[in-house]
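What follows is a short report on a single structure.
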Amino acid sequence: MRYAETGYNLEIDLATGNIERVETDPKLMETHLGGLGTSVKIHWDRVPPEVKAFDPENLLIFSSGLLIGTPAFSANRTIVTFISPQTGLLAYPMMGGFWSAELKYAGYDKVIFRNKSPEWVYIWINNDKVEIRDASHLVGKGALETQELIRNELNQPNAQVAAIGPAGENKVFVASIEQSRSSSSRGGGGAVMGDKKIKAVAVRGTKDIYLAHGDEFMEQMKEMTKYIKFRNENPLPGIMTILSGIGSPAEMKHTDEKWHTESFAWGNARRRRKDFWTKEIEESWKKTQLESTKRLISCFNCPTQCGGLITHEDVPSYMMKCFSKLTYLMGAEVDDLDFGYKIAKRAFEYGVDSFSTPQILAFAVELYEAGILTDKDFAGTDKYEACPSDKRGRFFWLLDRLAHREGIGDILADGVYWAARKIGKGAEAYDHNTIKKHEQMNIKLGMMDPLYYLMYSTNEKISITQMEGNWPQAAFPNKEDREAFVKDWPQLPDEHFKQYFLDWEPRGEKANPYYPTADMCSEIVDWMEMLHNIDDACCVCAGMSSFCLKPPWHIHNYPKIISAATGLDLDEAGLKKIVNRSRNLHRAFNIRRGMSRADEKPPEDHWKKRFPELEENLLSTYYKYKGWNMDGIPTKEKLHELDLDYVAEDLEKRGLYKNGQD
Amino acid sequence: MAKIKKKIKTIKVDADKCNGCRTCEVVCSAFHSSPKWSVINPARSRIQIIRHPLKNIWLPVFAGEYAPAECMGRDKYIIDGKEYDECAFCRASCPSRDLFKEPDSGLPLKCDMCEDDPPREKPLCVEWCLNDVLIYEEREEEVEEGVEMEDVEAGLTSMVDKYGLEKVAETITRMSQKE
Ligand code: SF4
Ligand code: SF4
Ligand code: SF4
């Protein structure tokens, strides 16, 4: 009997149409848990470093996680893994919604795709019945539209569908996979799906998931419920509204956007507008939002509700996710929330990443204003009009071109980094907000922040929101507030962290960039990353865990809950070791693909005040803390400690240990 | 017929507040597994959320009586401009649809208000819906004594409908001999 997991993966060879239900090795749960952990292991074993994103051998894995399908609150992520066309590294964007629970109830932990289909297809998984079906009639359809069409044609209102839109079909490097109220966006999973000619994956399941110790499990959940209720009634004092509660930032509920609109940078991550949030704006935005939001909605088995059902003027209903509400609007420098709602719907139908895409469009606008792109690039053809000159029109036009790879859109579709190099003529200088070729959040600040420095530089996700969260973003000015904050902080991995927080000041000696010290930063960042890695193996939403201050999920209850679900006898040290193993395997996988220390740095203008020496020291200290050598490669000793000698051997064989370092 | 006092248990459904999380389905199925909490499968839940997100429809419906035959006349509601599925509000476990049936055996499911020993203060779905969609109320009423179809009988009736009385009787005899 397998507990918590189903013990089966679905292997689909798209070239031959062969479908297999494959039993997995029960030992893998002990070594990698599940979710991202076990997916990384599969990529390591089966995808050699020569394989490129659009090679048939690039595996595309849709994974549920260890706790999916159990009553564990907010366990609902689907993690999609593949070699990214944009970065060449292993990407693992995740989506919420309902898909992975359905997969688990259908009897599978993962769906693994290899090779390419000769024709457009969609996959229909209904318990033991799995079909590859013709999708030629769905080509060109929107990613949201496709979900409904498939549900209707199967006559399965409860089927969950993950689909790509035209952007995925056209292998746009920032193409997303859309599903229900969520999407798997970062890194171009939609493009890999499109390359394999999979339009959608639909799933419906009505089978059982077993808990090893159900009673204990439910006791833990009861405790968590108490805490959730407590937190709902007691938002954290002294923290901006959006981060004071639990769950992903409740962007659909809160109308106060002063913080985002004034702290984040507009346009191509250029300008902060510190006096944007006027009374007038506040009223008009509030009106638009309250009129458009028909209901707040959640993902599978989550007690919070950070999504919204939007019906805005003549735009057909759609479900809005999180920050997309603002990204296009800020990129286009349009002050009206109405624009945000209108363009988001079109972007979701195309199926594109709401973080990267607006920045690519804003980058194009900047190049045009600088004369690097010209009217020729913005001209019309017999298929489409020339680019309008107003801000809104321009963004819509550019989005249309990008999604269809038409004209200049064909170049922009590869993302800012690659587009800048193709365009040349100085365009490279406008690529000022990417890390490892991937567009970052639109933030530009003053003083270098050592914690963020490490997070931006070192995480395999290459996306800051997937790493930060448990430690407050800034020091509290008041000592009393700090004391109050640390008093009730059971989520901390260890008591001594409290002192770091108590001593941390917004200004002066004990402030950024020198405090927290490099050693302290290493501990804090490692803790936050560890929690993200546990979430990603269990597929618990970071909004209820690692991306949340004082969250319901933490290192002290996780081992108990996982043990009750699986029957494993895990303690904190044991759990840490498992996710550390997967984390190091992931890093080794990327190292094997050419990632190096030189890639590990935030954009040059991310902060105005930089400290090159201190920054190098931060990175070295962190590497050492993690058991990596000065090239950022896990040492043989570290790998041995994590039972990964086979990885050390491989790295050695490939000559990756250089300059006498091992 | 004699009058008796009976506890009437009601769950008030504030459907406008439902955010579609399906926690109620998860918990109901877990509670009714044996041993309790060992098996999770929303398809076995006695509450089902009828969902049409883009139409703004999230409708929690509880499993009611077993119906051996489907209705000839069907209802279809439009409320506040939203058109609900045919039979959306009906609680019957009925041959016309998959709702409220054990997925493997097809046996009918029925909400038993989480009967338990000792009795619970609140049904499980009510307790676990943290959005106050499901509100539990109890009251006493005098009613005429009547015969209620118990779970076993409902199950047997559905088997009889499916396989015929003779077959079911034969099977039961054979099973009792084996015991
Ligand atoms: S917190 Fe929000 S994103 Fe996370 S699971 Fe809950 S509803 Fe989904
Ligand atoms: S638990 Fe409550 S909010 Fe969630 S689906 Fe059930 S009734 Fe709706
Ligand atoms: S009252 Fe109990 S049996 Fe009825 S639907 Fe709710 S959880 Fe299930």
Along the Cα-to-C-beta direction of A:Gln499, a point sits 7 Å from the Cα; which residues of region A:517-544 have their amide N less than 18 Å from that point? A:517-525
A student applying the Cα gyration tensor rule (rounded when a/c is under 1.5; otherwise prolate if a/b is larger than b/c, oblate if not) would label region A:1-66 oblate
Percent antiparallel among DSSP beta bridges confined to the protein assembly as shown, nearest 5, equals 85 percent
Starting from region A:96-168, pick out the GluC sites (Glu not before Pro) whose DSSP state is loop and whose Cβ has at most 16 other Cβ atoms within 10 Å. A:Glu119
Taking 45 Å as R0, compute the FRET efficiency from the Cβ-Cβ separation of A:Ile281 and A:Glu649 and round it to 0.05. 0.15
Grab the beta carbon distance between A:Arg270 and B:Lys162, set R0 = 60 Å, and tell me the FRET efficiency rounded to 0.05. 0.30
From the helices alone, meaning DSSP H stretches of at least four residues, give me the mean residue ellipticity at 222 nm for chain B, per-run term -39500 (n - 2.57), in deg cm²/dmol to the nearest 500. -7000 deg cm²/dmol
Translational D in µm²/s for region A:445-625 (Stokes-Einstein at 10 °C, 1.306 mPa s, Kirkwood Rh from C-alpha pairs): 92 µm²/s
Using the beta-carbon distance between A:Arg610 and B:Asp104 and R0 = 56 Å, what value does 1/(1 + (r/R0)^6) give for FRET efficiency, to the nearest 0.05? 0.30
Among the trypsin sites (Lys or Arg not before Pro) in region A:440-528, which ones are in a DSSP loop with at most 10 other Cβ atoms within 10 Å of the Cβ? Mind listing them? A:Arg507
For A:Lys287, list the lysines whose Cα falls under 26 Å from its own Cα; do not include residues on the same chain fewer than 8 positions away. A:Lys253, A:Lys258, A:Lys274, A:Lys279, A:Lys321, A:Lys325, A:Lys342, A:Lys345, A:Lys391, B:Lys17, B:Lys55, B:Lys82
Please work out the C-alpha center-to-center distance from region A:451-471 to region A:518-546 and express it in whole Å. 9 Å
Extension gain, B:Lys17 back to B:Asp116 (0.36 nm per residue minus Cα-Cα distance, nm): 32.8 nm
Full-extension gain between A:Arg46 and A:Glu483, please, as 0.36 nm times their residue separation minus the C-alpha to C-alpha distance. 152.3 nm
Check which residues have an amide H placed less than 5 Å from B:Ile50's amide H, if you skip close sequence neighbours. B:Leu59, B:Val61
Distance cut-off 26 Å, Cα to Cα: go down the list B:Lys110/B:Lys162; A:Lys294/B:Lys76; A:Lys461/A:Lys577; A:Lys229/B:Lys110 and report the pairs above it. A:Lys229/B:Lys110
Partner lysines for A:Lys510 [C-alpha distance under 23 Å; skip if fewer than 8 residues away on the same chain]: A:Lys444, A:Lys479, A:Lys487, A:Lys498, A:Lys608, A:Lys609
Under 5 Å between amide H atoms, partner at least 5 residues away or on a different chain: which partners does A:Lys199 have, H built in plane at 1.01 Å? A:Val121, A:Tyr122
If you line up the long axis of helix B:165-178 against the longest principal axis of chain B, both from Cα atoms, how many degrees apart are they, to the nearest 10? 70 degrees
Might you tell me the accessible area per residue for the protein assembly as shown, computed with a 1.4 Å probe and given in Å²? 40 Å²
Out of the trypsin sites (Lys or Arg not before Pro) in region A:561-662, which ones are loop residues according to DSSP with at most 14 other C-beta atoms within 10 Å? A:Arg654, A:Lys658
Read phi for every residue in region A:200-205 and hand back ³J(HN,Hα) as whole Hz from Karplus 6.51 cos²θ - 1.76 cosθ + 1.60, θ = phi - 60°, with x for Gly and Pro. 6, 10, 9, 8, 9, x
Give the aspartates and glutamates whose C-alpha is closer than 13 Å to that of B:Lys9, dropping any in the same chain fewer than 8 places away, or say none. B:Asp112, B:Glu115, B:Glu121, B:Glu137, B:Glu138, B:Glu140, B:Glu141
Can you give the helix-only mean residue ellipticity at 222 nm for chain A, where every DSSP H stretch with n ≥ 4 adds -39500 (n - 2.57) and the sum goes over all residues, rounded to the nearest 500 deg cm²/dmol? -12000 deg cm²/dmol
Could you rank B:Cys90, A:Cys306 by how accessible they are, 1.4 Å probe, largest area first? B:Cys90, A:Cys306
Convert each backbone phi in region A:554-568 into a coupling constant with the Karplus relation 6.51 cos²θ - 1.76 cosθ + 1.60 (shift: θ = phi - 60°), then list the ³J(HN,Hα) values in order as whole Hz, x for Gly and Pro. 7, 5, 7, 9, 3, x, 5, 5, 5, 4, 5, 6, 9, x, 5
Equivalent-ellipsoid semi-axes of chain B, from the Cα gyration tensor, Å, largest first: 29, 21, 19
Out of residues 5 or more away from A:Thr6 or on other chains, whose amide H comes under 5 Å of its own, with H placed 1.01 Å from N in the peptide plane? A:Asp109
q = 0.05, 0.09, 0.10 Å⁻¹, the protein assembly as shown: log10 I(q)/I(0) [Debye, one scatterer per Cα]: -0.27, -0.90, -1.11
Quick one: the Cα spread of region A:8-204 along its three principal axes, in angstroms, biggest first? 44, 39, 30
Rounded if a/c is under 1.5, else prolate if a/b beats b/c, else oblate: with a ≥ b ≥ c from the C-alpha gyration tensor eigenvalues square-rooted, which is region A:167-298? oblate
Share of pairwise Cα separations in region A:430-470, more than 10 Å, in percent: 74 percent
Here, A:Arg21 and B:Arg97, labelled 7 Å along Cα→Cβ, have an inter-label distance in nm of 2.8 nm
Does region A:314-444 come out rounded, prolate or oblate by the C-alpha gyration tensor, with a ≥ b ≥ c the root eigenvalues, rounded set by a/c under 1.5 and, if not, prolate when a/b is larger than b/c and oblate if not? oblate
Can you grab the distance from the C-alpha centre of region A:348-401 to the C-alpha centre of region A:61-122, Å, no decimals? 32 Å
Give, in nm to one decimal, the length gained when the segment between A:Asp571 and A:Glu428 is fully stretched (0.36 nm per residue of separation minus the Cα-Cα distance). 46.6 nm
Give me a comma-separated list of calculated 3J(HN,Hα) values for region A:397-412, in order, Karplus coefficients 6.51, -1.76, 1.60 applied at θ = phi - 60°, integers in Hz, x for any Gly or Pro. 5, 5, 4, 4, 5, 4, 5, 9, 6, 9, x, 4, x, 5, 7, 5
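The values are calculated or read from the model by the stated rules, or taken from the named source; none is laboratory data. Every value quoted in this text rests on a predicted model; they were computed, and no experiment measured them. Neighbour counts run over all protein chains shown; Cβ positions are idealised from the backbone, glycine included. The protein model used for the area step is the full one, side chains on, heavy atoms only, and it has no ligands, DNA or RNA in it. Shrake-Rupley method; radii C 1.70, N 1.55, O 1.52, S 1.80 Å.
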